[in-house]
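These notes are about the structure you will find just below.
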Amino acid sequence: MYKVIDHHTDQGHRVALIFKQGRKWTHLVYYDYPIRVRKVLNNEERYWKHLTKYDTSKGMKYAIKKVREMAREYYGLERNIPKSLKKVYKF
């Protein structure tokens, strides 16, 4: 369900966590500040490189733990975290 990718954007290479992939849009959480959910069209998939070292259960726990840490650091209290980000945060 979750995947960690390297996304080549016009701002450079950015590491992101895919947590929801639909028919037209994919929801990503980039590992940079401000941490938030971004919607990206699925036709940008050609710019993604799947990082397979996070496919293990230990690697995925680390990736989600990092999102939690960054969200706590940026938003402070848990009630300030946006609902869209809480979907990943509560995993």
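None of the figures in this text is laboratory data; all of them are computed from the coordinates on show. Given the structure is predicted, the values throughout are model-derived calculations rather than measurements. As a convention, Cβ positions derive from the backbone with ideal geometry for all residues, glycine included, and neighbour counts pool all protein chains shown.
Across all Cα pairs in the chain, the calculated P(r) in 10 Å bins from zero up to the longest distance comes to 16, 51, 30, 3 percent per bin.
In summary, the lysines within cross-link reach of Lys49, defined as a Cα separation below 22 angstrom excluding same-chain residues under 8 places away, comprise Lys3, Lys20, Lys24, Lys39, Lys58, Lys61, Lys65, Lys66. Here the sum of -39500 (n - 2.57) over DSSP H runs of 4 or more residues, divided by the residues of the chain, equals -9000 deg cm²/dmol at 222 nm, to the nearest 500.
Exposure proxy for Trp25, Trp48: other Cβ atoms within 10 Å of each Cβ, ordered fewest to most, give Trp25, Trp48.
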